[in-house]
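Just below is one structure, and these are the notes that go with it.
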Amino acid sequence: MADIERTGERIAELREQINYHNHRYHVLDSPEVSDTEYDTLMAELRRLEEEHPELIIPDSPTQRVGAAPLEAFGVVEHPVPLLSLANVFSSEELLAWHKRISNLVPGREMDFVCELKMDGLAVALTYTDGHLTTGATRGDGYRGEDITQNLRTIKSIPLTVPKDAPRKFEVRGEVYLSRPGFEKLNKERYEEGQPLFANPRNAAAGSLRQLNSRVTAKRPLDIYIYGLGYAEEERGDVGANRAMPPTHWDTMEYLKSLGFKISPHNAYVPDIGHAEKYCRRWEEERENLEFEADGIVIKVNSLELQRVLGTVGHDPRWAVAYKFPAIQATTRLLDIGINVGRTGSLNPYAILEPVYIGGVTVKRAALHNEEDIGRKDIRIGDMVIVQRAGDVIPEVVAPVVSKRNGEERLFEMPALCPSCKSEVVKPEGEVMTYCTNASCPAQIYRLLAHFVSRGAMDIDGVGGKLVAALRNEELVKDVADLYSLREQDMINLERMGEKSVHNMLDAIGKSKERPLAKVIFALGIRHVGAETAELLASHYGSMDRLASASEEDLLEVPTIGPKIAASIADFFQKKENRDIIDKLRRAGVRLEEEAKGRKERPLIGQEFVLTGRLEAFPRIEAETRIKGLGGSVGSSITRKTTYLVAGIDPGSKLEKARALGTRILNEEEFRRLLEEASK
């Protein structure tokens, strides 16, 4: 057999394995292999496809990363309209709907399927001869936008289906963002100074309407399929004569067997009474869901009865949406207050006329920053829409412009810090305004609370109230003063008995052994989160080396950009911060990485790019060994690339490395470097 045939067979085998594992992980939530094993399969497939680009197909798992930007979306005609649903808002209205449709089919018994109504974006996926050919938005129900490229990036959407599927069919589903995914996305946008999404639905819709599908591929989108739009004749030998299922429940089970992700919360119910109980249950437990849901969809189970009941206007008679009470409410924005954060940031918040939302009376809500207030055109005195979800801090979504009376006032960031009356500054290119006084009482309080938190120095028994008491009694002026506290200082504080004091001082003493990364994070350096702190600790190995690094040095660290580099350099240039480091050192806080950790991962902070074919070992093995020794593997040559490893037929990366002056290793030099690093 020719080499190209063997390669083609191996590629087909890898695609089949990867598709299987994707289905286990993203649809069934039951993986059978570790992330490392999965990454090994993907790396081998990518390597083979790079070496044989003529064998790449659109349905390959490697092609989910997105394609080049589109100029605009095309239009897709829906052969079967995607109808909207009528709404009911109470048990009485639900029973009235049931009575109406029962009167249309007298004597017929009905069972139902109940499905959570996710707050996402409805889409239609069309498969032809086993392949995903078109993906479109609902649009007006008759015509939608062609977003096929973007939908192909969602790993829970199968690109191919089994041979016994219909020759051509369409499924409908809801693309959504989970609560953790939405929070992570907004956190990233906040850190990048981009406008925040108001809710998961907006985030999902915005992600799917990206002209550049590479952007969509980076968003943690998921989908649940909720119905079959239509199906044409069967194909293949296995199921050529199979009849389609007679009920909606069986149809969903059939689609599940084809590889589609079906919500595990779907429920078959024998009558409308059980449907009502299902609605009441999830109305109470909706905040326990992993996604936002605004109601329940109740569908007549029999497809034959669905056809008999038909539609009225744009709504099917055989289905209805039971809507949950809104988690949004409208109230008046009385004023905008300012909190001072641990890095000195001035954080605006809304002072509201009290409003009842989702079981809680809300008096305050988040307003992310001055630019966000301006972008949303929120004014003091406005009637505003306030949103609350579970334990998440309520936020102001938007003003109700139609209710303005002309007395509303534009918000202006104060020129002086509301806590210490020092001047404030807004650095160029940033969305936040900062207090310039490092000794600002509010800033120090929040920094202390951050310093003792679990993700930082993890000092058990020191919470916000105790931090406030320590500040009020002037027992601590900065974070290093915590290590100078004595029992006689503490015993007279409110609710601090002898045992509590002993436990707290013991926890403070134990925190001296926290890893360097935790100490760096605990210092509250602007733009330095936990992951960046880990990277800095690994790269520099000690607080002294980090403190002496110039802005240019910091830019050489992988993933450290100009904003973070400038913030770190500025922090250590300030005398008051250097004094705190000295006090921590004298107190015995560990300010160096453990020698053992540095020895075991000697390539920390070094980025490798591999190009061409390696003969001594497969590329995946090379990447695994680099990562095991603490290094990172990049996909392209940049100024931060430490080494380019050039194998046979290296390609354009070699020329770029030469142009940038990147050190180039041949395979033998690379092997020796790994051996030396492993000693």
Q.
Give me, ordered by chain and number, the residues 5 or more places off Ile664 or on other chains with an amide H under 5 Å from its own placed amide H.
A. Leu644
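Among 116-124, 101-109, what's the highest-first ranking by average C-beta atoms within 10 angstrom per residue? Working shown, then result.
On the way: 116-124: 23.3, 101-109: 11.7.
Most protected by this proxy first, the peptides run 116-124, 101-109.
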Q.
Please list, ordered by chain and number, the residues whose modelled amide H lies under 5 Å from the amide H of Thr247; skip anything fewer than 5 residues away on the same chain.
A. Leu303
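Which whole-number percent of Cα pairs in the chain have a distance greater than 32 Å?
Details: 146919 of 230181 pairs.
Result for the distance tail: 64 percent.
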Q) Once phi is turned into θ = phi - 60°, what whole-Hz ³J(HN,Hα) does the Karplus curve with 6.51, -1.76 and 1.60 give for every residue of region 201-214, x standing for Gly and Pro? A) 5, 4, 5, 5, 5, x, 5, 7, 9, 6, 5, 9, 6, 5
Q. So what's the gap between the Cα centers of region 618-661 and region 307-382, to the nearest angstrom?
A. 48
**Q.** Projected label distance in nm at Arg613 and Glu54, using a 7 Å step from Cα toward the beta-carbon
**A.** 1.4
Q: Whole Å is fine, so just give me how far the alpha carbon centre of region 165-179 lies from that of region 78-106.
A: 23
Q | Label-to-label distance, nm, for residues given as Arg6 and Ser550 (7 Å Cα→Cβ offset) | A | 5.4
Q. Sorted by mean Cβ packing within 10 Å, highest first, what order do the peptides 602-614, 454-466 take?
A. 602-614, 454-466
Q: Please give the length that would be gained between Asp506 and Lys426 if that part of the chain were fully extended, namely 0.36 nm times their separation in residues minus their C-alpha to C-alpha distance (nm, one decimal).
A: 24.7 nm
Q: Report the FRET efficiency, 1/(1 + (r/R0)^6), for Ile351 and Val105, where r is their Cβ-Cβ distance and R0 is 35 Å, rounded to 0.05.
A: 0.05
Q.
Which cysteines in the chain lack any other cysteine whose Cβ sits under 4.7 Å from their own Cβ?
A. Cys114, Cys279
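Among the listed pairs Lys218/Lys640; Lys277/Lys376; Lys426/Lys656, which are separated by more than 28 Å between their Cα atoms? Don't skip to the answer; put the middle values down first.
On the way: Lys218/Lys640 22 Å; Lys277/Lys376 40 Å; Lys426/Lys656 38 Å.
Beyond 28 Å between Cα atoms: Lys277/Lys376; Lys426/Lys656.
Ignoring everything except DSSP H segments at least 4 long, calculate the 222 nm mean residue ellipticity for the chain; use -39,500 (n - 2.57) per segment, divide by total residues, nearest 500. Can you show the working numbers first?
On the way: 25 runs with 247 residues, N = 679.
Theoretical 222 nm ellipticity from helices: -10500 deg cm²/dmol.
Throughout, read-outs are computed from the coordinates displayed, never taken from laboratory work. All of these numbers come straight from a predicted model, not from anything done at the bench. Virtual Cβ from ideal backbone geometry, glycine too; neighbours counted across all protein chains shown.
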